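Working notes, structure below.
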Amino acid sequence: PFFEKRFETASEKYGWLNRIICVGTGERLKAGPRYTIYEML
């Protein structure tokens, strides 16, 4: 499955996350979920 992800943080250190949009895929593994996330340009 594909998804769109936005982040929200009040931290100045990670404030850049508030300005990006990401897309990614996810899969279910025995050890737990694995997500691959890419920043859109």
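We did not get these values from a lab; they are worked out from the coordinates using the rules stated. Since the model is a prediction, treat every value here as computed from it, not as a measurement.
Radius of gyration (Cα atoms) of the chain, expressed as a multiple of 2.2 N^0.38 Å: 1.37. Using C-alpha pairs below 8 Å separated by at least 6 residues, the relative contact order for the chain is 36 percent.
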